[in-house]
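To keep things clear, I will list the structure first and then write my remarks on it.
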Amino acid sequence: MAACWEEPGCNYLLSDDCPHYATGICPRTCMYTVCENPQHEYATGMETFSAYDVDFSAARKENCASCRFFLKHAPRIKTAN
């Protein structure tokens, strides 16, 4: 089963003028990217700021970048020790 952030909001029902069609990422302004998952919860600004090692490129929807569940469970970027 794919993680919720790996699924596009529109279920691939795209038209050629959809920004997702060109970029592969559902923009925040798309009506299909509103998350209805029970684990979705908006993160605070400090939580988002402190998520320096989160791999934001793993998310298919821009809205995931401000989701507490995504920030906690998303893949991490390996940092040098």
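The values are calculated or read from the model by the stated rules, or taken from the named source; none is laboratory data. Since we're looking at a predicted model, the values are computed, not measured. Reconstructed Cβ throughout: ideal geometry from the backbone, glycine too, with neighbour counts over all protein chains shown.
Points worth noting:
- Of all residues in region 67-80, exactly one satisfies the criterion of being free of Cβ contacts under 8 Å to residues at least 40 places away in the same chain and part of a strand (DSSP E or B), namely 76.
- A single entry from 35, 64 fulfils the requirement of being assigned to a loop (DSSP other than H, G, I, E, B), surrounded by 13 or more Cβ atoms within 10 Å (Cβ to Cβ) and not polar (S, T, N, Q): 35.
- Taken together, 20, 40, 73 contain a single residue that is in contact with a Cys (Cβ under 6 Å, 6 or more places away or on another chain) and at pLDDT 85 or above, which is 40.
- The set of residues in region 43-61 that are modelled with pLDDT of 90 or more, surrounded by 14 or more Cβ atoms within 10 Å (Cβ to Cβ) and within 12 Å of the chain's Cα centre (by Cα) comprises 54, 56, 58, 59.
- Looking across region 38-61, the residues that are of a type in the set (Ser, Thr, Tyr) and either within 19 Å of residue 10 (Cα to Cα) or assigned to a loop (DSSP other than H, G, I, E, B) (or both) come down to 44, 50, 52, 57.
- Checked against (1) under 13 Å from residue 5 (Cα atoms); (2) hydroxyl-bearing (Ser, Thr, Tyr); (3) in contact (Cβ under 8 Å) with a residue 12 or more places away in the chain, residue 57 passes all but a single condition, namely (3).
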